[in-house]
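Novice: Below you will find the structure I want to go over with you.
The values are calculated or read from the model by the stated rules, or taken from the named source; none is laboratory data. Everything numeric in this text was worked out from a predicted model, so none of it was measured. Glycine gets a Cβ as well: all are built from the backbone with ideal geometry, and neighbour counts include every protein chain shown. Ligands, DNA and RNA are stripped out before the accessible areas are found, and what is left, the full protein with its side chains, is counted by its heavy atoms. Shrake-Rupley method; radii C 1.70, N 1.55, O 1.52, S 1.80 Å.
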Amino acid sequence: QVQLVESGGGLVQPGGSLRLSCEASGRTFRTNTMGWFRQAPGKEREFVAGISASGGTTYYADSVKGRFTISRDNAKNTVYLQMNSLKPEDTADYYCNTARGRLPVYDYWGQGTQVTVSS
């Protein structure tokens with residue numbers, strides 16, 4: 001059973017920064033590509049960023065390139081998302097999951113962490 005626990009969200013002003021964390025359980029974490037996804041009210045869940053098992057390859061949605069950085073610490077079974085220069089359109093619930101390209105792999109999601117960017 002996959003256990004994913006996201007944290008680090010909050011309320012920030014436009015231009016501010018947040019660092020999200022995702023702690024994952026399961027014996028396959030270290031061999032899996034991981035991704036961050038987000039879902040805003042009334043919208044479909046969308047891909048945000050992905051990182052290969054070793055951390056050597058990262059890739060991003062066009063909307064966050066240059067502003068967000070995904071990283072991971074396999075010793076801690078944790079993946080991070082550093083979000084800078086936040087915009088109101090970044091407001092969403094953020095989730096992590098094992099990823100295959102830009103798609104999530106598992107049907108079960110964590111509770112997510114809320115990010116609100118507003119003046």
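Novice: Within the chain, what whole-number % of the accessible surface is contributed by carbon and sulfur, with the 1.4 Å probe and all protein chains included in the calculation?
Specialist: On the way: 2910 of 6480 Å².
The computed percentage sits at 45.
Novice: A follow-up question, please. So, R0 is 22 Å and r is the distance between the beta-carbons of residue 77 and residue 11; what FRET efficiency does that work out to, to 0.05? Each step should come with its number before you reach the end.
Specialist: On the way: r = 28 Å, r/R0 = 1.26.
Here the calculated transfer efficiency is 0.20.
Novice: Which FRET efficiency, nearest 0.05, do residue 65 and residue 30 yield, Cβ-Cβ r, R0 41 Å?
Specialist: Details: r = 26 Å, r/R0 = 0.64.
After rounding to 0.05, the efficiency reads 0.95.
Novice: Setting aside same-chain residues fewer than 8 positions from residue 43, which lysines have a Cα under 19 Å from its Cα?
Specialist: 87
Novice: A follow-up question, please. Taking R0 as 22 Å, what FRET efficiency do you get between residue 54 and residue 116 from their Cβ-Cβ distance, rounded to the nearest 0.05? Walk me through the intermediate numbers first.
Specialist: On the way: r = 33 Å, r/R0 = 1.50.
FRET efficiency, residue 54 to residue 116: 0.10.
Novice: Right, next: Mind giving me the nanometre distance, one decimal, between the label points for residue 40 and residue 87, set 7 Å out from Cα along Cα→Cβ?
Specialist: 0.9
Novice: What does the extension gain come out to for residue 102 and residue 23, with contour length at 0.36 nm per residue minus their alpha carbon separation?
Specialist: Values: separation 79, 0.36 × 79 = 28.44 nm, distance 1.97 nm.
Net length gain for the segment: 26.5 nm.
Novice: With a sphere of radius 9 Å drawn around the Cβ of residue 53, what net charge do the other residues whose Cβ falls strictly inside it have (Lys, Arg +1; Asp, Glu -1)? Numbers along the way, then the final one.
Specialist: On the way: positive: 30, 72; negative: none.
Combined, the nearby Lys, Arg, Asp and Glu give +2.
Novice: Here is a further query. For the chain, modelled as a Gaussian network with Cα springs under 10 Å, which listed residue fluctuates most, 15, 56, 35?
Specialist: Of 15, 56, 35, the most mobile in the Gaussian network model is 56.
Novice: Considering the chain as a Gaussian network with a 10 Å cut-off on Cα pairs, which listed residue, 20, 86, 11, attains the greatest mean-square fluctuation?
Specialist: Top of the fluctuation ranking is 11.
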